[in-house]
Amino acid sequence: MDSEKNNSVPAQELELIGKYARKALTQEEVYTFSVILCDNEIDRDNEKFTVASLKTLAELFVGKTGIFDHNMSSKDQTARVYATRVVTDETRKTSDGEPYTYIEAKAYMVRTEKNKDLIAEIDAGIKKETSVGCAVKVTRCSVCGENVRSRGCEHQKGKQYGGKICCHLLEEPADAYEWSFVAVPAQKNAGVIKSFSPEAHTAANESWAEEYRTELKSALIRDAATVMPEMRGETLEAICRELSIERLKDMRDAFRKKAEKKLSFIRQLDANCDTETESNSEYKI
Ligand SMILES: [Zn+2]
């Protein structure tokens, strides 16, 4: 991630940012930086985005909110994407031999007293890892090309077939939710959060159902941290274990709606340059 060196935002970019802010912002009020949102490298789940998916996702991520360390309880800890582009680095290859391709996003924050430290961390390159939340319609086996969610196939991701690693190709992104900076990339929430349609999970596809369940759970817990920061993670985990996939999905949707409402409220506060109330800061985690 590179912050803009000379700290001045070109007029053209201020105009783009102006589409999202509730009031006109000056160069001094705005902090901008670039971040790699996702790429076509095989991830730790042995899944990867195709270049076509990255192109669609790049469009879907414009306007989306970024959060820091999955903590949305503070209004000062969010940034927003105002421009994206897909970049191919021909000098670098992915582990399956494709030219390395990534989504570079430009994001902005409104400078406040409270996000001074965070901005310093971004400047220093400390906040490096990002994860994205999105939904894809199709997951395809890289070996046989079968749609593994609707049909399934005999290949196991992560295993070698004829000298090539099998991975699942994430295709046809339907939506992008938000993106975040993660302190520890190996943590459970890090990586891509993919949404699956539960109808596609037949009995023959048990392991997918289990994965879907895990993804629903982490999305739910993340959104719950926004709307109910005082609720303990272990309590939520325990509740999630008792719920069916359908109920989990209902709850995930409900929390997402709430979280989005809260975020848009936060944006309004940002735009109005309101000060945070004491009661709000009590709920920070
Ligand atoms: Zn296959």
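Quick note: the coordinates plus some simple rules give every number you see, no bench work behind them. Given the structure is predicted, the values throughout are model-derived calculations rather than measurements. So basically every Cβ, Gly included, is an ideal-geometry build from the backbone, and we count neighbours across all protein chains shown.
Quick notes
- Just so you know, the Cα atoms of the range 61-181 work out to an Rg and Dmax of 18.2, 57 Å.
- Spacing of the two label points (7 Å from each Cα toward its C-beta) at Glu146 and Ile245, in nm: 1.7
- Label separation (Leu16 vs Thr91): 2.4 nm, computed from points 7 Å beyond Cα along the C-beta direction.
- Of Lys93/Lys137; Lys55/Lys249; Lys116/Lys257; Lys116/Lys261; Lys114/Lys137, pairs whose Cα-Cα distance is over 32 Å: Lys114/Lys137
- Glu234 sits among other residues whose Cβ lies under 13 Å from its own Cβ, and their net charge, with Lys and Arg +1 and Asp and Glu -1, is +2.
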